[in-house]
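Following: one structure in structure tokens, then a few remarks.
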Amino acid sequence: MTDEQLLQGPIHAVHVELGATFAPFGGWEMPVSYAGTVGEHTAVRNAVGIFDVSHLGKATVKGTGAAAFVNSALTNDLERIRPGKAQYTLCCTPEGGVIDDLIAYYVSDDEMFLVPNAANTAAVVAELQKVAPEGITVTDEHRGYAVFAVQGPRSAEVLAKLGFPTDMEYMAYADAEWDGRQIRVCRTGYTGEHGYELLPKWDDAEPLFRALLAEVEAADGQAAGLGARDTLRTEMGYPLHGHELSLEISPLQARCGWAVGWKKPEFWGKSALEQEKAAGPRRLLLGLKGLDRGVLRQGQTVLRGDDQVGETTSGTFSPTLKLGIALALIDTASGIQPGDIVEVDVRGRRLRCEVVKPPFVEVKTS
């Protein structure tokens, strides 16, 4: 997709006004940063930040037994939750590869609301539409809703100033009204901090964003872009599709087996994933913490001595730890464990790293 074909979110003009720099991501023109990634990252960890992630997909599944239908397709078990709760889950191929990871919002037994990744929304919707029984409709609503993430220790304070509900458990949501507009408020996020995601209608996005941003700035926070979103999620070890999950990287390899309802009678990829679980995955996701100075990035070779034992899937500079970190798929046959020292080939130079089990920093979502 060329730059001319990139899609833009509902408040693109606001980002231009705020001085954002942009880059393509998932077919969308996204704000990467405003005042600088490190400052935006630090604001989220210490105070609060607001992200426009309206590029994320949205889809509804409606009809008698909609929840049961979705439960028969996606990996996690919807019987673990109830209406008013959300669940992280995966959409897999029969071979156990990952078409996408997404959040499923349980509205009622007859309605589910799905938030896939931007580039994979059409694929998830198409797969569900192929097998939806009569009476159940699957609708792509990518441009029906915006998504704003307010994340950080002062996020509840920001929402309360605007009259939004904040006292809900992690992965719960509530439908609220603000300035005559219907807004879904969710205790979800992608930063590892206490936070919320708000879903207004697409055409209602700008006034809500401006109101939230004003309160974020009053709470010593700032607008944050895709750069900070990536450094924050990497510090938490959260997978990004196309990096830690893909058609070639299974949930088990990515340590997402906890999001699989193994006792369910069916879900897409069940047989293949059960076989992989029984045999043991051939590689596992681990973290790497740089011991030498250098920039860790995706696609770098992980070595122990002269043996290649894995490859990095994501890498960045951690503003919190002030050193290089990476996520990597490590061959299980190598026997490498957390605490071991490996080397990463960074443009022909070997950079020593300690193997760790993510997250790299403390989780504060609760």
Built amide H within the under 5 Å cut-off of L74, gap 5+: W268
- line: Stretched fully, the stretch from A23 through T365 gains (0.36 nm per residue minus C-alpha distance, one decimal, in nm) 120.3 nm
query: If we count every other residue with Cβ under 15 angstrom of T332's Cβ, Lys/Arg +1 and Asp/Glu -1, where does the sum land?
result: +1
query: In what order, largest first, do E141, E248 sit by accessible area if the probe radius is 1.4 Å?
result: E248, E141
field: Which listed pairs, of K161/K364; K85/K263; K62/K364; K62/K130, have C-alpha distances above 26 Å, in listed order
entry: K62/K364
- prompt: In whole Å, how far is the Cα centre of segment 306-366 from that of segment 221-268?
  reply: 16 Å
query: For segment 197-354, what class follows from the C-alpha gyration tensor (a ≥ b ≥ c being the square roots of its eigenvalues): rounded when a/c is under 1.5, otherwise prolate if a/b is larger than b/c, else oblate?
result: oblate
query: Among rounded, prolate and oblate, which fits segment 272-366 when a ≥ b ≥ c are the square roots of the eigenvalues of its C-alpha gyration tensor, a/c under 1.5 means rounded, and a/b larger than b/c means prolate?
result: oblate
Cα gyration tensor of segment 1-134 - equivalent ellipsoid semi-axes, whole Å, descending: 32, 18, 13
task: With a bin width of 20 angstrom, please list the P(r) values of the chain as percents of all Cα-Cα pairs, from the 0 bin to the one holding the largest distance.
output: 29, 59, 12, 0
query: What do you reckon, how do V356, V44 stack up by accessible area (1.4 Å probe), largest on top?
result: V356, V44
- line: All alpha-carbon distances of segment 54-103, grouped into 5 Å bins from 0, give the whole-percent distribution 4, 17, 27, 28, 16, 7, 0
statement: Length-normalised contact order of segment 13-149, Cα under 8 Å, at least 6 apart, in percent, tallies to 29 percent
query: Under a Cβ-Cβ cut-off of 14 Å, what is the net charge of the residues other than Q253 that fall near it, where Lys and Arg count +1 and Asp and Glu count -1?
result: -3
message: With a 1.4 Å probe and all protein chains left in place, how much of the accessible area of the chain comes from carbon and sulfur atoms, in whole percent?
response: 49 percent
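With a 1.4 Å probe and all protein chains in place, put T137, T60 in order of accessible area, largest first.
Ranking T137, T60 by accessible area, largest first, yields T137, T60.
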Sequence-distant residues sharing a close amide H with M30 (under 5 Å, placed H): A23, F25
message: For a quick check: with amide H placed at 1.01 Å from N, whose amide H comes under 5 Å from T313's, ignoring anything fewer than 5 positions away on the same chain?
response: G299, L327, A328, L329
- prompt: Where in segment 276-303 does the amide nitrogen come within less than 14 Å of the point 7 Å from the Cα of A333, taken along Cα to Cβ?
  reply: 280-284
query: Under a point spin-label approximation (7 Å from Cα along Cα-to-Cβ), what is the A272-M171 distance to one decimal in nm?
result: 2.4 nm
Point-charge dipole on Cβ atoms (K/R +1, D/E -1) for segment 210-366, about Cα centre, debye to 20: 60 debye
- request: Please give the length that would be gained between W258 and L291 if that part of the chain were fully extended, namely 0.36 nm times their separation in residues minus their C-alpha to C-alpha distance (nm, one decimal).
  value: 8.8 nm
statement: Per residue, accessible area of segment 11-98 with a 1.4 Å probe, heavy atoms of protein chains only, in Å², comes to 33 Å²
task: Take the alpha carbon gyration tensor of segment 205-296, find the square roots of its eigenvalues, order them as a ≥ b ≥ c, and report rounded if a/c is under 1.5; if not, report prolate when a/b exceeds b/c, else oblate.
output: oblate
message: At 1.4 Å probe size, what's the solvent-accessible area of S250? Round to the nearest 10 Å².
response: 10 Å²
query: Counting other Cβ atoms within 10 Å, which GluC sites (Glu not before Pro) in segment 306-363 have at most 11 and lie in a DSSP loop?
result: E362
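If contacts are Cα pairs under 8 angstrom and at least 6 residues apart, what is the relative contact order of the chain in percent?
Computed value for the chain: 18 percent relative contact order.
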Helix-only [θ]222 nm of the chain, DSSP H runs n ≥ 4, -39500 (n - 2.57) each, per residue, nearest 500: -6000 deg cm²/dmol
message: Spelling out what I want: for every residue of segment 157-169, take phi, set θ = phi - 60°, compute 6.51 cos²θ - 1.76 cosθ + 1.60 (Karplus), and round to whole Hz; glycine and proline get x.
response: 4, 4, 5, 4, 4, 9, x, 7, x, 10, 8, 9, 6
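Considering Cα pairs under 8 angstrom that are at least six residues apart, work out the relative contact order of segment 218-366 and quote it in whole percent.
After rounding, I find 26 percent.
The values are calculated or read from the model by the stated rules, or taken from the named source; none is laboratory data. Quick caveat, the model's predicted, so the values are computed rather than measured. Note: ideal-geometry Cβ built from the backbone for every residue, glycine included; neighbour counts use all protein chains shown. Note: areas computed on protein heavy atoms with side chains; ligands, DNA, RNA excluded. Shrake-Rupley method; radii C 1.70, N 1.55, O 1.52, S 1.80 Å.
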